[in-house]
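Notes follow the structure.
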Amino acid sequence: MIGLCKCARALTDGNRGMMLKLLTERDICLCEMKEIIPISQSQISRDLKALLDAGFLKRWREGRCVVYMADRTNSEGYCRALIDLVAASFNDDERVRLCRERLQSVIANKVREKSKQGIRGLA
């Protein structure tokens with residue numbers, strides 16, 4: 001029951017919900033997320049940590065980047081069910097559309113590759 005409560009708390013914030021939605025579609029590194037969601041890097045880090053601690057995400061390093069992705073292999077059934085619910089929801093939401101456009105721009109501008117190399121002036 002404690003794990004389910006942790007999952008529910010992690011999804012009470014709109015930015016965390018948006019991050020999880022995007023992370024069900026593609027792996028995204030911290031530097032990319034910073035370009036997609038207009039909040040501070042420290043807040044993005046805290047939000048990603050909350051999602052990670054709740055069991056929604058897995059992460060790994062690519063050079064200087066920490067990359068996150070929705071963890072659909074989590075052993076907790078309720079966690080997988082919530083990930084699937086978020087993945088299937090909000091597809092017509094204007095904010096989701098805007099964040100997807102920003103994500104495409106981030107991909108086109110190769111933000112992750114520039115960050116891995118330590119290049120300044122990303123966007």
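Read-outs throughout are calculated quantities, based only on the coordinates presented, and are distinct from any laboratory measurement. In this text, all values refer to a predicted model and were calculated from it rather than measured experimentally. Neighbour counts run over all protein chains shown; Cβ positions are idealised from the backbone, glycine included.
The Cα atoms of the chain cover 45, 31, 23 Å along the three principal axes, with the biggest extent listed first.
Listed as lacking a disulfide-compatible partner in the chain: Cys5, Cys7, Cys31, Cys79, Cys99, by the criterion of no other cysteine Cβ under 4.7 Å.
Compactness of segment 1-53, taken as the C-alpha radius of gyration over 2.2 N^0.38 Å, stands at 1.11.
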